[in-house]
Amino acid sequence: MTGSPENPDSAQSGSSQKNAARTQRPRDAATLIIVDQSGPPRILMGRRRPQQIFLPNKFVFPGGRADKVDRSVPAADELHDNELAKLLLDMKGSPSAARARGLALAALRETYEEAGLLIGRETGEAVQGAQDRSPSSNDLGTWEGFFGEAISPSLAPLTFLARAITPPGRPRRYDTRFFIVNATHIAKTVQPPDDELRDLDWFTIDEARRLDLPNITRAIVEDLNEFMKLGSVGSSTPDWGVPFYFFKSGSFERVLLRP
């Protein structure tokens, strides 16, 4: 399920629905923006199925809700300290490095599920799930298929680009972290286990601007464009202030998160 926050302009009718949504806390979610810089920069996006309640027919990046299992699966390498520090800034609930790590892994898992792309390193043989810090193989869910492709997920190439919280009064609310990664880190391409995204394709920034995008996704595309002006995706950008979008007192706010 994609984790991009719902379009702030969408309305929810019915007093009971509004009352229920008002008390709903945003759930952790993560999205991955894969950038192909072999030529003019292009980004991977897909269209959500028309039958879906959440953002039907909209073009989004692969992503979705974070699961607890994401916090403890093994990885080939870890997030850079700078990225971890940014993820912990203003983290709601109970902040922890494990939870921040789980967000990055959720982005990789959802990209595998929805796009069939595995970001990681080849292991030479299928990983049998359980290791010292991972759950039993019975609890790994989609990760079982990921490891079965003889790939270990890689976190070091990920950069934390932006964050957005779905406004109050929506049927589903997410606190979504948007990560970016260079397409050179795609270790393998397989048939996606999930058919949630259709019309998957690579788009230039100008082409993406012309797609039917949720408002927040459109803002993130512009943030990505600004980020790429600083250098190649995957290069060190410690001074990047992470744009954080949220509603406060009825207004759409944008602040920059810096360690």
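Which of rounded, prolate, oblate describes the chain, given a ≥ b ≥ c as roots of the alpha-carbon gyration tensor eigenvalues and a/c under 1.5 marking rounded, otherwise prolate only if a/b is larger than b/c? Walk me through the numbers on the way to the answer.
Values: a/c = 1.38, a/b = 1.27, b/c = 1.09.
Rounded is the answer for the chain, as its axis ratio a/c remains below 1.5.
Need the full-extension length gain, VAL255 to ASP239, defined as separation in residues times 0.36 nm minus the C-alpha distance. One decimal, nm.
4.3 nm
Which part of segment 61-93 falls in the paramagnetic zone of LYS188, meaning amide N under 19 Å from the point 7 Å along Cα-to-beta-carbon?
73-77
Give LYS58/LYS248; LYS92/LYS188; LYS68/LYS248 a once-over and call out the pairs whose C-alpha atoms are over 27 Å from each other.
LYS92/LYS188; LYS68/LYS248
Restricting to DSSP H runs of at least four residues, report the calculated mean residue ellipticity at 222 nm for the chain, -39500 (n - 2.57) per run over all residues, nearest 500 deg cm²/dmol.
-7000 deg cm²/dmol
So in segment 15-257, what percent of DSSP beta bridges are antiparallel if you round to the nearest 5?
Numbers: 32 of 44 bridges.
Bridges in segment 15-257 are about 75 percent antiparallel.
Counting only trypsin sites (Lys or Arg not before Pro) that sit in a DSSP loop (anything but H, G, I, E, B) with at most 12 other Cβ atoms within 10 Å, what is the longest stretch of the chain containing none of them?
Values: sites that count: LYS92, ARG133, ARG210, LYS229.
Counting at most 12 other Cβ atoms within 10 Å as exposed, the longest clean stretch of the chain is 1-91.
For LYS86, go through the aspartates and glutamates and keep the ones whose alpha-carbon is under 12 Å away, minus same-chain ones fewer than eight residues off.
The reachable aspartates and glutamates, counting only those whose Cα sits under 12 Å from LYS86, are ASP239.
Give the shape of segment 84-222 as rounded, prolate or oblate, defined through the alpha-carbon gyration tensor: a ≥ b ≥ c are the square roots of its eigenvalues, a/c under 1.5 means rounded, and otherwise the shape is prolate if a/b is larger than b/c and oblate if not.
Oblate shape, in that a/c is at least 1.5 and b/c is the bigger or equal ratio.
Springs between alpha-carbon atoms under 10 Å, Gaussian network over the chain: tell me which of ASP223, ASP195, ASP90 tops the mean-square fluctuations.
Result for the chain, Cα springs under 10 Å: ASP90 fluctuates most.
Label-point separation (nm) for GLN51 and ASP212, each offset 7 Å from Cα along Cα-to-Cβ?
According to this spin-label approximation, the distance is 1.7 nm.
How would you classify segment 186-237 from its alpha-carbon gyration tensor, with a ≥ b ≥ c the square roots of the eigenvalues: rounded for a/c under 1.5, else prolate if a/b is greater than b/c, otherwise oblate?
Here segment 186-237 falls in the oblate category.
Explain nothing, just the number: relative contact order of the chain, from Cα pairs under 8 Å at least 6 residues apart, as a whole percent.
About 29 percent, as a whole number.
Every number in this text was worked out from the coordinates using simple rules, so none of it is lab data. Everything numeric in this text was worked out from a predicted model, so none of it was measured. Ideal geometry is used to build each Cβ from the backbone, glycine not excepted, and the neighbour counts take in all protein chains shown.
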